[in-house]
Structures are given as structure tokens and as C-alpha cells.
Amino acid sequence: MTPNIGLRAQERPVPPPPDVIQLEPVDVTARKRREPDQTTPISVTVIDRKTMDIPPTASNAGVARSAPNTSFVDVGGQSTNFFNIRGGGSFSPLSSDDTTAVVYVGDMPQSVYGVAADLLDVERVEVLRGPQGTLFGRNTQAGAINIVPRPPTFDQSFAVTGEIGTRGYRLGELVANTPLVADRLAARFAARYTAFGGDIPNVVAGGKDGALNITATRGSLMFTPGDRTTATLAISYNRQNDTAPRFLLRDAASFPVSAADPRTKVSGDSLGLTLKVSHDFGPLVLDWISGFQRNDSSQRLDQTDGLVFSRLTGLPGAVFNVKGADIADIAIRENTYLQEVRLSASPDKAVAWTAGFNFFRSEVVVDRFSRAAVPAFQRLNGSQANRFSTNSYSAFGEVTVPVVDGLKATMGLRLSREDKRARYRFQGNGLPGVVTAFSQNGSQSDGFATGRVALSYDWSAGLMTYVSVARGYVTGGFPAIASNTPQGRPEATFPASASWTYEVGFKSTWLNRRLAVKGALFFNDVRDGHLVVFDPARLLFTTAALDYRSYGGEVEFAARLAPGFDLYGGVGYTHARLRDVPSGSLTGARSGNDVPNVPALTASLGGQYRLPGSTLGIGGEVLLRANWQYVGARPVDVANSFNLKSYHVVNARLGWEGEHVGVHAFAYNLFNSRYETFGQSFGPTTQSVRVGQGRIVGIGTTIKF
């Protein structure tokens, strides 16, 4: 997991020979065009495939821990693509697009309720900090995570990998690339299956909770009818099943231990289709992108874990261990459609610009059935059938102009309009606590502007500084799960959130490109941030639109100490506090409270050493890689009821790679940290949390030709 740091655009240096002690240049597409990271006035972490060592069973968490000031909010259930960057982010998403940091895979935005993006056969991951609304658009108030898959090439290659490890871990992967028509048509296919047996004992249902099965496939065709035109069609399918519990008693004996019966079951699948056509007209480049994605997910949840609710009520655990007595079934289906047309200046032009139009549509179906036998939770009884649609239209443009020698000015603007509709239907199930039936229809429209201005200055071939101001925006909307309709009351919408971000940063290379260092300072001023409050009486999340500010900074470095010997790392600090909270707020929030789920300190340090096998009297190459990651303590809610503990994770890999065969040993979470990823307070005596995966140690082999 290397936060690589790029080089100066004007030079565009070629990669050095293997025996030269220099860092390779790094390009990014943070501004929808390929350019060196060194000249991009945005805080970007690049996780390169050559050093990527992220657990395939926890890809989102691994990405977040690799980038300073980035957190993955692992709430469990169907909210799988939910991140927090520099203190910006909802605590628990209320709808499929209620997020401030959007994940993109090959130009297609991913739903919060979609399957977690698998890092199968990817070129790199770019974590962009700060508002990205100008070019990425919808709801990127805090930033964006851009996953770039490897494209087809006109080379022939084939690789198959197998791994086996502790706790039922196993992996099988295949990647193939072939030209179909010389210099005209090429195909690439990748598939991976990953399984994990679980590591959380269930004292009621028996066995282990936390089991996981992931299937990921991607196929792509690249057609080049001429030197100036490229068309790429990509089809992907991902499926994930897991039994990780959402509520574990924090101070239970032998923690972590579950008493859910039946055990939590979450399944989801995602089908994606993207067509991208690019044509170089000479002075400008046209990009045409059409995309479709279908997400289906379901969840069966025991709402009353016996350990948690025995502690909460003082009743014996057996009262809550009646199988099927307190159940929630949630099914979500979402279809999304994307059409974008972009025009950009050719890379050799002094004035760099990008402009275009974007249309996005989302259709969401949410069905929920709840049955509660315990009187305290009878307000959950009944069925919900909720339907939502969103149409989003936007026009955008950004231009970078040389002002004087070394000084560049960047200006960008995006004008957007969104139309949303909602239909709520509730049907009681004959049990007390809810109305017989209730229905509600609603709609809302919003027009808004986002944008960014920046000044950058190249002091030398190895030093660039920049300053920027950006406006971020997250649209309002309708909660996917209704908390009011079961009592016969209309569901309230949540408001839009707007922000201003001020940033100053630098990017530099030193010692003849053996060392690269970059960093940034930021200040965020957010109005009506979508912070969410957990209501233990109804086991539901409700909106708290509160103002907050965050400030801090991050520094990253990469160093090549010797041929094949690299060190890399980063550290981030974020101070995020609520402000102007109304006196006596029922949310429990107070002005000055910390923003939920925002660690003050994040850090990582890693290294990789490639040793020629000839040094040891063998062929091939020996690889040693290790990294350490740290996430600080963070509060669980706006009332700051309690803090999740800080934690460390260490990953390591040792292997030998020959021309056609390789073998390796690996360890994810080497020291078996049972870190807390999410928490809920059920009162002063009862705290519940969700935990991350424990240690996985294993061996594997790769065959390629």
C-alpha cells in the first residue's frame, strides 16, 4: 500500500532502469485527464498495484487505512461503500447517495448500498481529499475514491493465483489478457473468489459469525479502429455474502462474542456495464461515457442480541434468544444510469481545460419487514414498501491557465439540478404499537453550484506549492428506511449540506528523485452536515443536520533507499467539532462535541525490498513487504457517548517470484488486533460495537505465462 508521490509535469520522466536509485513517476486522473501527480493542485494518495497489499476480505477498510485523514465507516448491513475524509461524512447513510465521499470504479459512481468494490486487477486507487464537485459531481463534498481498473492491452498474458490460510481463508484468482485482432481489438478477463470462515463465536446459534464469501469478475474489450480512437466496453459482476454481526456487547466476557439468533445474514450483488469512447481531434479530446449499474442486497437481522439486551433490560438472555421473535428483513434494489460527455484540451496545450455535461438517474426500491415480540420494540412491527427516484443534470468546466512563468491559475464551476421523488407505504402486521396502514408521496427539487479556484507555483523542477478554495455540496433527500410512518406520521426529508474548504499544499522531490514529500493543510466549514443519531428505543437512525468545522493536515513521503528498497508512509491530523448546536437539542449533541467517527490521528508506514535471487544463489527475485497502520480513537455519536478505541494493524508478505512461478506467505492483521469499527450506545450501562477481522496467516502460489 504505497502512497506514491509523482513528479513534475513538464519533465514527464520515464521510469528509471532497475539499477538506478530513483522513484518512478506517478500519473493520476484526479482532474479527468492523465497528468503527473506532482503538478496536480489536489491532495491525492495513490495506492499502486505493485505494492498494494490490501486484504481481499476487507478492501474498503484497507484503502482507508492507506490514506491519511481517511476513514471507512463500517456500519455493517447494506451500507458498504461509506467513507469519511478530513472529518466530512454522514455517520450512517440515510439513502443510497447520502455520503460526502463517493467511490468511483472506471468512471461509474458506486452506491452506498452497493457491494464493496473489489480491488481485483486494478491499476491504482486514487484517494482525492477535499471537495471534488467540479469534475466528479454528485455529493463529493469531502472527496472521492477513484478506482482505476487495468485496461486490455495487445500483449498475451495469463496468471492464476491460489491462497489458503487460517480461519477458513481461501482465494482463487485468474487474470487473462489477449489480442483478438492485432493492434485493433484486445480482451481482458479477471475473476476472483475469496472466502473467510468467520472468527466471532456465537454462543446461541453456535459456530462462528463473521463468515464471508466474495465473488468478483470483470471482462473488458478494447477496440482501436484508428490511431485517434479508443472504445472500451467493461462488464463486471460482484457478489458478497457475510454473517458479521452489527451489535456486540463491548465488555462481554471473551469479547468478541455474539448472541444473535438467527445469525445476521447479508447478501448483495452488483452488475455493472460501462462504455467509454475517446477520440483525439488534435486540439481537443472527446470522451463519451455511458454506464449502467444494478445493485441488489438483502439483510436478515436479529434485532435483539441476547447479550446486549440482557444487559440493557436486566432480563435473562433467554428472553431475547427466541429464534425469529425479533427479526428485520431488508431488501434493497437500485438501478443507476450515467451519461457523460467531456471535451478536454490535448495534453500538449499550455492551457489545460475540461468541460462537459452529465446525466445521472437512480431508481431505488426498499422493502422492510419487522416483527418484534419484545414490547419495547413493538414500534418496529410491520412492512415498508418504499420507492425513490432521482434525476440529476449538470454542466461543468475547469480551466488551468499559465499566468506568468511558473504560476498557474485554475478555475472550475459545476451547475447542477436534481429532482427527487419518494413513495412510502406502510402496512401493520396486526401487532400493537403501529398503525394499520399509512402512505405518503413526496418530491423535491434543488439547483446548486459547486466549484474550485486554485493558484499553483512551480518554484523549481522539484517543488510546487498551491492554495485553493472549493465549495462542496450534498443534496438533501428522503430516508430510505422510514422511522415515522409506522406511527402514522409523515416522513421528514433531510436537508442539503453546503461547505467551504480552504487548502494550502506542496509537492516536492529531493535527492535526484530518491525522495518525494507532499502535504497539505485544510479548513472545512460545513453547514447542515448529515450527522446521524442512533435511537436505541427503535433501533433506527434519524437525521441530525448540524453545523461543524474541521481543520488539520496530512504529510506523505516515498523514498528509494537502494535499488528495489522502498519506504513509504503518511500521517494525518483532523480536529472536527460541532458548532452552533441548538440549546437542549434532543440529539444529545452539544457545541464543541467531536464529530462522530473522525479519528484525530491516522498514520501508516511501510516498506518493500526486492532482492535479486542471484544474491542467494537462486534464480528469480525475493520479495519482502510489511506495513503498519494506525487509526486513532473516535466518538460513536454526536453526543460523544463513548469512544471507539485506537488500534494498530500490521500486514506482511514474504515471497519468491520466478519467471513463471511464484510462492509467498502472508499475514493480514499480524498481531490479531480486534479493533472496533462502529459503535452504538444503548444507555449509560450498555455499549455495543462492531469489530474488524482478526489475524489471517497463509501461503499462496502464482503461475503465469
Unit Cα scatterers, Debye sum, the stretch 3-704: log10 I(q)/I(0) for q = 0.05, 0.09, 0.10, 0.11 Å⁻¹: -0.23, -0.78, -0.98, -1.21
Tensor-based shape of the stretch 121-250 (alpha-carbon gyration tensor, a/c under 1.5 rounded, otherwise prolate or oblate): oblate
Debye log10 I(q)/I(0) for the stretch 626-705, one point scatterer per Cα, at q = 0.14, 0.17, 0.24 Å⁻¹: -0.61, -0.74, -1.05
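What full-extension length gain, to one decimal in nm, is calculated for Ser346 and Leu624 as 0.36 nm per residue of separation minus the Cα-Cα distance?
On the way: separation 278, 0.36 × 278 = 100.08 nm, distance 4.09 nm.
Separation in residues times 0.36 nm, less the Cα-Cα distance, equals 96.0 nm.
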Whichever lysines have a C-alpha closer than 22 Å to that of Lys208, once near sequence neighbours (fewer than 8 apart) are set aside: Lys265, Lys323
Those chymotrypsin sites (Phe, Trp or Tyr not before Pro) in the stretch 552-609 that DSSP places in a loop and that have at most 12 other beta carbons within 10 Å: none
Backbone N within the stretch 678-705 under 15 Å of label point (7 Å from Thr178 Cα along the Cβ vector): 705
Protection proxy ranking of 24-34, 499-509 - average other beta-carbon atoms within 10 Å, highest first: 499-509, 24-34
Of the trypsin sites (Lys or Arg not before Pro) in the stretch 274-320, those whose Cβ has at most 16 other Cβ within 10 Å and which sit in DSSP loop: none
Cα centroid of the stretch 196-210 to Cα centroid of the stretch 255-279, whole Å: 19
Lysines whose Cα lies under 22 Å from that of Lys518, excluding same-chain neighbours fewer than 8 positions away: Lys32, Lys50, Lys408, Lys507
222 nm mean residue ellipticity, helices alone, for the chain (DSSP H n ≥ 4; -39,500 (n - 2.57); rounded to 500): -500 deg cm²/dmol
Contour minus Cα-Cα distance for Val435 and Asp525 (0.36 nm per residue): 28.2 nm
Estimated translational D of the stretch 514-652 in µm²/s (Stokes, Kirkwood radius over Cα pairs; 37 °C; 0.692 mPa s): 182
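Throughout, read-outs are computed from the coordinates displayed, never taken from laboratory work. This structure is a prediction, so every number in the text was calculated from the model and none was measured. Methodologically, a virtual Cβ is constructed for each residue, glycine included, from the backbone with ideal geometry; neighbour enumeration extends over all protein chains shown.
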